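Below is one structure; the comments refer to it alone.
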């Protein structure tokens, strides 16, 4: 028989033998397993050894009935390295009995986990190289050997970075960097606590670090603020730190507009207005289209503003087709709770425009005002 054939036979034997032996040992330790089941496993081991005994050089144990002696002999050969794993592959967990696995475990003091101090510098280097991790006692790098932040994760041209920010801000930041030749860019989202007041900012840095390196997300200089979220609320832009300039609201919606006069019909005419509110600036649009104003008389007013305006008189643009009686120009005056439709006369006072009641009447108004 050739050496190659012998090796293949040994490999086949070891694979089957370890599986059976593991099962056999587990049966011995399990009181719930019957004696018949244990003996069946013993018979399978005995048959396996009988089949391979010539190749295994077990001439000293021709009596296959001496199973315990045979097992001890094979285990000793395994311990001596007389047999090798299948094609030199590593052993698997299932290759060992629970007792063998327990004996292989190496424990720290009182079962504690390993610490960095438990390893030599060479061992640490091997562990880190395997996981592509580096550390210098303060910073940790994944995919980079020169971390400059508490954590630098680098992959190709891009990376994610986490670090602290020293005084006067005393905060922390998450950064994102990209290296493309000499066009290197980075962005960070930083929490800054200047004078015990927290602010969340988004900042950028352009062409400020070399290819393959890591931007210092904790640096107090070199970053350009683009967006700030002050602790008082809202949002500011491009380094503006004034809370008065913070955009603190944006919304769009509709509101119910009510048409009134000095005299009103039993059922008031309504329409749906639209508004956009940016900060405290409100823009409204009102349209009465084909309205039946029968029953109205006297001064024209409009109620139902979506937000109360600041104090003071404010004008708005109004256009009417056959809804209002006026002499020269229409204008709207915005007060605390309503819009008054006025007739503006050249060189004269403003007077209320009056209803021209009837069917299919039209009026359009648009206005911008500051909400109170």
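The values are calculated or read from the model by the stated rules, or taken from the named source; none is laboratory data. Since we're looking at a predicted model, the values are computed, not measured. When we count neighbours, we look across all protein chains shown, and the Cβ atoms used for this are built from the backbone with ideal geometry, even at glycine.
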- prompt: Here are 337, 359: which of them is assigned by TED's automatic domain parsing to the domain that holds residue 291 and closer than 12 Å to residue 305 by Cβ?
  reply: 337
- request: Count, please, the residues in the range 296-310 that happen to be more than 20 Å from residue 274 (Cβ to Cβ), free of Cβ contacts under 8 Å to residues at least 60 places away in the same chain and under 47 Å from the mean Cα position of the chain (by Cα).
  value: 0
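Condition check ((1) under 49 Å from the mean Cα position of the chain (by Cα); (2) at pLDDT below 90; (3) part of a loop (DSSP other than H, G, I, E, B); (4) closer than 24 Å to residue 266 by Cα) across all residues:
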{"site": "286", "(1), (2), (3), (4)": "yes, no, no, yes"}
{"site": "312", "(1), (2), (3), (4)": "yes, yes, yes, no"}
{"site": "316", "(1), (2), (3), (4)": "yes, yes, no, no"}
{"site": "347", "(1), (2), (3), (4)": "no, yes, yes, no"}
- prompt: Does residue 365 satisfy the criteria of being surrounded by 13 or more Cβ atoms within 10 Å (Cβ to Cβ), at pLDDT 90 or above and in a loop (DSSP other than H, G, I, E, B)?
  reply: no
- line: For the range 232-259, the count of residues that are in contact with a helix residue (DSSP H, G or I) (Cβ under 9 Å, 6 or more places away or on another chain) and in a loop (DSSP other than H, G, I, E, B) equals 3
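Yes/no matrix, rows are residues, columns are (1) closer than 15 Å to residue 223 by Cα; (2) modelled with pLDDT under 65; (3) not assigned by TED's automatic domain parsing to the domain that holds residue 193:
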site: 138; (1), (2), (3): no, no, no
site: 143; (1), (2), (3): no, no, no
site: 163; (1), (2), (3): yes, no, no
site: 166; (1), (2), (3): yes, no, no
site: 171; (1), (2), (3): yes, no, no
site: 175; (1), (2), (3): yes, no, no
site: 180; (1), (2), (3): no, yes, no
